[in-house]
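Peer 1: My questions all concern the structure below.
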Amino acid sequence: MREADDEALRRAEVYVDTAAARREGGDVALGLKGGTIADDDVKGDLFDLCRGNVAGRSRPDEITLYKSVGTALADLAAATAVWRHLAQEVS
């Protein structure tokens, strides 16, 4: 599936949630495959951003494209957070 066109990919600072998004995330994967963007145009992944290994947005006029394909670990973390929240409400 693709939601952003080639021009959006070219203009954006591109980030992904995991390396898998480079192969599985429609917008980024198709952009890479078709040559719209190069592998180096993907600035980093969520880990890089959270650790400060890559810079995020630096100007308010920048366009950021973040492609998330999801991971089982993220699903588990979300489910755990909801479960803990609900457990506190019941207590």
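The values are calculated or read from the model by the stated rules, or taken from the named source; none is laboratory data. Keep in mind it's a predicted model, so treat the numbers as computed, not measured. All Cβ positions, glycine included, derive from the backbone under ideal geometry; neighbour counts span all protein chains shown.
Peer 1: Out of the range 29-53, which residues are of a type in the set (S, T, N, Q) and surrounded by 11 or more Cβ atoms within 10 Å (Cβ to Cβ)?
Peer 2: Within the range 29-53, Thr36 is the sole residue that qualifies.
Peer 1: Of everything in the range 53-91, what is more than 20 Å from Val16 (Cα to Cα) and of a type in the set (Ser, Thr, Tyr)? Give them in sequence order.
Peer 2: Result: Thr80, Ser91.
Peer 1: Hey, another quick one. Tell me yes or no: at least one residue of the range 17-31 is modelled with pLDDT of 95 or more, part of a loop (DSSP other than H, G, I, E, B) and out of contact with any strand residue (DSSP E or B) (no Cβ under 7 Å at 6 or more places or on another chain).
Peer 2: For the range 17-31, residues modelled with pLDDT of 95 or more, part of a loop (DSSP other than H, G, I, E, B) and out of contact with any strand residue (DSSP E or B) (no Cβ under 7 Å at 6 or more places or on another chain): absent.
Peer 1: Criterion first (part of a loop (DSSP other than H, G, I, E, B) and surrounded by 11 or more Cβ atoms within 10 Å (Cβ to Cβ)) does Gly56 satisfy it?
Peer 2: yes
Peer 1: Scan (1) in contact with a Gly (Cβ under 8 Å, 6 or more places away or on another chain); (2) among the basic types (Lys, Arg); (3) over 14 Å from Ala8 (Cα atoms) for the single condition Lys67 breaks and write down its number.
Peer 2: Answer for Lys67: the failing condition is (3).
Peer 1: Hey, can you tell me all the residues within the range 59-91 that are without any contact (Cβ under 8 Å) to a residue 24 or more places away in the chain and not in a helix (DSSP H, G or I)?
Peer 2: First, the residues of the range 59-91 that are without any contact (Cβ under 8 Å) to a residue 24 or more places away in the chain: 59-61, 72-73, 75-91.
Those that are without any contact (Cβ under 8 Å) to a residue 24 or more places away in the chain and not in a helix (DSSP H, G or I): Arg59, Pro60, Asp61, Ser91.
Peer 1: Next up: Where the second residue is in a loop (DSSP other than H, G, I, E, B) and surrounded by fewer than 19 Cβ atoms within 10 Å (Cβ to Cβ) and the first is in contact (Cβ under 8 Å) with a residue 40 or more places away in the chain and among the basic types (Lys, Arg) and lies in the range 2-14, which pairs have Cβ atoms under 8 Å and are six or more apart or on separate chains?
Peer 2: Once the first residue is in contact (Cβ under 8 Å) with a residue 40 or more places away in the chain and among the basic types (Lys, Arg) and sits in the range 2-14, its partners that are in a loop (DSSP other than H, G, I, E, B) and surrounded by fewer than 19 Cβ atoms within 10 Å (Cβ to Cβ) give Arg11/Ile63.
Peer 1: Filter the range 1-28 for residues that are surrounded by 14 or more Cβ atoms within 10 Å (Cβ to Cβ) and acidic (Asp, Glu); which is farthest from the chain's Cα centre (by Cα)?
Peer 2: Ranking the qualifying residues of the range 1-28, first place goes to Asp6.
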